[in-house]
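Chemist: Below: one structure in structure tokens.
The values are calculated or read from the model by the stated rules, or taken from the named source; none is laboratory data. Note that the structure is a prediction, hence the values are computed from the model and not measured. Cβ placement follows ideal geometry from the backbone for every residue including glycine, while neighbour counts extend to all protein chains displayed. The protein model used for the area step is the full one, side chains on, heavy atoms only, and it has no ligands, DNA or RNA in it. Shrake-Rupley method; radii C 1.70, N 1.55, O 1.52, S 1.80 Å.
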Amino acid sequence: MTDTARNDFLTAAIDSESADRLEAQGLRLALVDTSDTDSLGEWLRAENRGFYGSAMDSDTLEFVLPRIAGRRTTGVWDDSAAEPATPVSTVSIWPAELTVPGNSSVTAWSIAAVTVAPTHRRLGIARAMIEAELRTAASLGVPVAALTVSEATIYRRFGFGPAAMIADWTIDTARAAWTGPRSGGRVHFVSPEDLLVDGLELVERVRLETPGHMAFDGILWERLLGFTGAQDAGKHLRVVRYDDEDGELQGFAAYKVTETGADFSKHSVELGFFVAATDDAYAGLWRFLLELDLVSTITAPLRSVDEPVAWQVADPRAVTRASVRDHLWIRVLDVPAALSARTYRAAGHIVLDVEDDLGFADGLFLLTIADDGTAMVEQLHGEAPVDAAAIALTVADLGSLYLGGVSAFTLARAGRITELRPGSAAAIDDAFRSVVAPWLSIWF
Ligand SMILES: CC(C)(COP(=O)(O)OP(=O)(O)OC[C@H]1O[C@@H](n2cnc3c(N)ncnc32)[C@H](O)[C@@H]1OP(=O)(O)O)[C@@H](O)C(=O)NCCC(=O)NCCS
């Protein structure tokens, strides 16, 4: 994405194809002027109602409005409705750096706040808005779009595929005696305010190590530390930081403790956010949590599917990984730009015959992967190299393969991708797979 496009994302014109389609239904697709707090407040009210949130108090509104003003904010209005100033549909967008394999990142069109009022559902409004914003992204040269979803049945039709999974972990601490390494640093209690700046620097420092991580700051970051604008939002949060032997911050954990029943020795800990820049910090923080007195259970939702802590306790059955599910969905818009932004684990040629109903990624592409793992990607016009692996797939399945967390071999067995040459899926797996399981630790 060029700098001009990055600057233009807020104000880029509304897509006329979708605007015309909605206008024919008596609806108006438009951008919100985010400097106008009344308009943005109406938009926020609609978004909040769409997700069944309770009405926001004035403190929360005052906190949230300036923090979302930097997002591209679109809505659909029905001028014949009883409250014509409140949109009947909302979408919010910003460009964020998405980590891809190879300790590098690509700009992703992050889509959030997709709602349509129940009074206007199934009229094609969501389709018109999503298609519009994908066309805008493509016109600005953004290589991929990304979203986290409340329902897994909606977005494949728009070319998104699940690319990074999450799991909820539960640990029975009585059975989970620590057998991992002993860390040399110290754990300290700190207030959430203490980590607002240093904690974000730490998160940024480790972001490129895990495909699927995204740059998050502003409201996404502050919420993790309990700041939402509501008076007592963070009052149950406890925060500990881990400093290494030199006193450098290398990780922190934010958690809540709840009582479970009459037995005072059976508190539960729910881990809200946990980040470690080193294996030493990871071990130091997990050991601290597992050895908390009067706690019998730790739940850790929204974690990676592959957590070393499962290998750091005496009884492996003390650790349960449940509810492995899709979390981050990726939509490839520009195949050469997206695929050349990451690296691969095996050299060679790969031909991808991509089908995209919306047209952005449709075509035949050749990846030429060098010995150092970098790839050149171009449209294939002539014959494919004789040694090339070759598959046909939809753009949604390309999105699933993109971060290296989903097996091409499994997708071929599932009938989702078709081998155009025998053995191609395994060869693509060798090249695409990421050593680190792709993961995104937040909702957006
Ligand atoms: C989900 C939601 C945005 C859909 O809006 P909508 O305007 O009714 O959707 P559309 O009429 O444009 O439908 C678009 C397509 O999605 C399908 N679809 C819509 N909602 C769906 C759902 N909940 N589950 C599965 N498919 C759905 C439609 O059948 C339609 O398919 P087609 O175009 O291939 O025939 C809306 O119901 C909503 O706001 N729900 C509550 C908030 C929410 O869940 N948002 C999603 C956040 S990730």
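Chemist: Considering the dipole of the stretch 167-324 built from charges on the beta carbon (Lys and Arg +1, Asp and Glu -1) around the Cα centre, which of His267, Gly226, Val240 is farthest to its positive end?
Modeler: Among His267, Gly226, Val240, the one farthest towards the positive end of the dipole of the stretch 167-324 is His267.
Chemist: Moving on. Considering only the other residues whose Cβ falls under 14 Å of the Cβ of Gly284, what net charge follows from Lys and Arg at +1 and Asp and Glu at -1?
Modeler: So the surrounding residues net to -4.
Chemist: Place a +1 charge on the Cβ of each Lys and Arg in the chain and a -1 charge on the Cβ of each Asp and Glu, then give the dipole magnitude about the Cα centre in debye, rounded to the nearest 20.
Modeler: Approximately 1120 debye in magnitude.
Chemist: Roughly how much of Glu47 is accessible, in Å² to the nearest 10, using a 1.4 Å probe?
Modeler: Roughly 40 Å² of Glu47 is accessible to a 1.4 Å probe.
Chemist: Of Ser16, Leu333, Ala177, which is farthest along the charge dipole of the chain in the positive direction, counting Lys and Arg as +1 and Asp and Glu as -1 at C-beta?
Modeler: Result: Ala177.
Chemist: Could you please state how large a percent of the accessible area of the chain is carbon and sulfur, counting protein chains only and using a 1.4 Å probe?
Modeler: Taking all protein chains in place, the chain shows 50 percent carbon and sulfur surface.
Chemist: Which peptide among 135-145, 249-259 comes first, and what is the full order, when sorted by highest mean count of other Cβ atoms within 10 Å?
Modeler: The packing order, highest mean first, is 135-145, 249-259.
Chemist: If you add up the charges near Leu208, with Lys and Arg at +1 and Asp and Glu at -1, over every other residue whose beta carbon is less than 15 angstrom from its beta carbon, what do you get?
Modeler: -1
Chemist: When the helix-only estimate is applied to the chain (DSSP H runs of n ≥ 4, each -39,500 (n - 2.57), divided by the residue count), what is the mean residue ellipticity at 222 nm, nearest 500 deg cm²/dmol?
Modeler: Computed mean residue ellipticity for the chain: -7500 deg cm²/dmol.
Chemist: Return one whole number: the accessible area per residue of the stretch 3-148 in Å², for a 1.4 Å probe.
Modeler: Heavy-atom SASA per residue in the stretch 3-148 reads 44 Å².
Chemist: Also, I was wondering about something else. So, with +1 on the Cβ of K and R and -1 on the Cβ of D and E, and no other charges, what is the size of the charge dipole of the stretch 335-432 about its Cα centre, to the nearest 20 debye? Intermediate results must be reported in sequence, preceding the final value.
Modeler: Values: 5 positive and 14 negative charges, 59 e Å.
That gives the stretch 335-432 a dipole magnitude of about 280 debye.
Chemist: Would you mind getting the accessible area per residue of the stretch 366-424, heavy atoms of the protein chains only, 1.4 Å probe, in Å²?
Modeler: Ligands and nucleic acids excluded, the figure is 48 Å² per residue.
Chemist: May I ask which residue of Phe444, Ala117, Thr343 lies farthest towards the positive end of the charge dipole of the chain, with charges of +1 (Lys, Arg) and -1 (Asp, Glu) on Cβ and the Cα centre as origin?
Modeler: Of the listed residues, the answer is Ala117.
Chemist: Let me ask something else about it. Could you please report the charge total around Arg321, scoring K, R as +1 and D, E as -1 over all other residues with beta-carbon less than 10 angstrom from its beta-carbon?
Modeler: For residues surrounding Arg321, the net value is -2.
Chemist: Using a ≥ b ≥ c from the Cα gyration tensor of the chain (square roots of the eigenvalues), is it rounded, prolate or oblate, where a/c under 1.5 gives rounded and otherwise the larger of a/b and b/c decides, a/b for prolate?
Modeler: Judged from the Cα gyration tensor, the chain comes out oblate (a/c at least 1.5, b/c at or above a/b).
Chemist: What number, in percent, do you get for the relative contact order of the stretch 335-432 if the mean sequence gap of Cα pairs under 8 Å and at least 6 apart is divided by its residue count? Walk me through the intermediate numbers first.
Modeler: Details: 181 pairs, mean separation 28.0, N = 98.
Here the relative contact order equals 29 percent.
Chemist: About the Cα centre of the stretch 3-148, how large is the charge dipole given +1 on each Lys and Arg Cβ and -1 on each Asp and Glu Cβ? Please answer in debye to the nearest 20.
Modeler: 500
Chemist: Sticking with this one: What distance in nm separates the simple spin-label points at Ser139 and Ala85, each placed 7 Å from Cα in the Cβ direction?
Modeler: Rounded to a tenth, the inter-label distance reads 3.0 nm.
Chemist: Rounded to the nearest 0.05, what FRET efficiency is calculated for Tyr52 and Leu196 with R0 set to 30 Å and r the Cβ-Cβ distance?
Modeler: Here the calculated transfer efficiency is 0.50.
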